[in-house]
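A short write-up of the structure that comes next.
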Amino acid sequence: MIHCDYHSPCGMVRLSARAGRLYRVRLLGAPRERKPTGATHAPGGLAPFVEMLDRYFDCEPVQCDPERLCMDGMGHFQRRVYEALAKVGFGSAVTYSGLAVMSGAPRAHRAVGNALGANPLPIFIPCHRVVRADGSLGGFGCGVPWKRRLLEHEGHVVRRGRLVLTDVMPVTTCSGG
């Protein structure tokens, strides 16, 4: 297993890879001071993921080939949720119930929340783009402050703990990609 720390404008990101696939992403503390964005040293197997983070934090849409992500141990439903979530692009958001519909399980919004809570690869599997129906941010495995920072980085407006609902991606537009 190889590791690398990435200084982002939103805080420290720790990447771990095994056998050329991204295995774990940990979002650590908030940025304490202005540091240059990027990794101090990216071992060869992590270089493509560091490049993706560079592009993401330069506000470019990034999509990682699912074959490059370690999905070992994930169930079928969890994979379906992550595949559907991959269609919610940079600067967009969807509700938990909308993602349940996109995943082919319209009544499973709580199960969707559980699948997102188990996401080992935040940013690359962009679970921060999922909010509650009332626009409140909901949970986030790395902490709600991270979720807010990532949403704001993507251009969303968050007021009083709620995403401005005009920024939420309607379910009907999600099926085409």
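Annotations
- Residues whose placed amide H lies under 5 Å from that of Tyr6, excluding near-sequence neighbours: Val13, Arg14, Leu15
- Remark: the range 130-137, residue by residue, has Karplus-estimated 3J(HN,Hα) of 10, 10, 6, 4, 7, x, 5, 5 Hz, where x stands for each Gly or Pro and the curve is 6.51 cos²θ - 1.76 cosθ + 1.60 at θ = phi - 60°.
- Relative contact order [Cα under 8 Å, 6+ residues apart], the chain, whole percent: 20
- The slack between Arg79 and Arg160, meaning 0.36 nm per residue of separation minus the straight C-alpha distance, is 25.9 nm.
- C-alpha long axis of helix 47-57 to longest principal axis of the chain, angle in °: 50
- Based on every Cα atom in the chain, Rg and the maximum pairwise Cα distance Dmax equal 15.5, 45 Å.
- Simple point charges give the picture: +1 on the Cβ of Lys and Arg, -1 on the Cβ of Asp and Glu, and for the chain a dipole about the Cα centre of about 600 debye.
- Per-residue [θ]222 nm for the chain (sum of -39500 (n - 2.57) over DSSP H runs n ≥ 4, rounded to 500): -7500 deg cm²/dmol
- Derived scalar couplings between HN and Hα for the range 74-79 equal 8, x, 4, 5, 4, 5 Hz in order, rounded to whole Hz, by the Karplus curve 6.51 cos²θ - 1.76 cosθ + 1.60 (θ = phi - 60°), x for Gly and Pro.
- Burial order of peptide ranges 16-23, 96-103 (average beta-carbon count within 10 Å, highest first): 96-103, 16-23
- Counted charge near Gly143, where neighbours are those whose Cβ lies closer than 13 Å (Asp, Glu -1; Lys, Arg +1): +4
- Backbone HN-Hα couplings from phi across the range 156-161 [Karplus 6.51/-1.76/1.60, Hz, Gly and Pro as x]: 6, 9, 10, 10, 6, x
- The slack in the chain from Ala111 to Glu51, taken as 0.36 nm per residue of separation less the alpha-carbon distance, amounts to 18.4 nm.
Here, each number is a calculation from the coordinates, and none is a lab measurement. Please read these numbers as outputs of a predicted model, since none were measured by experiment. Every residue, glycine as well, gets a Cβ built from its backbone with ideal geometry; the counts of neighbours run over all protein chains shown.
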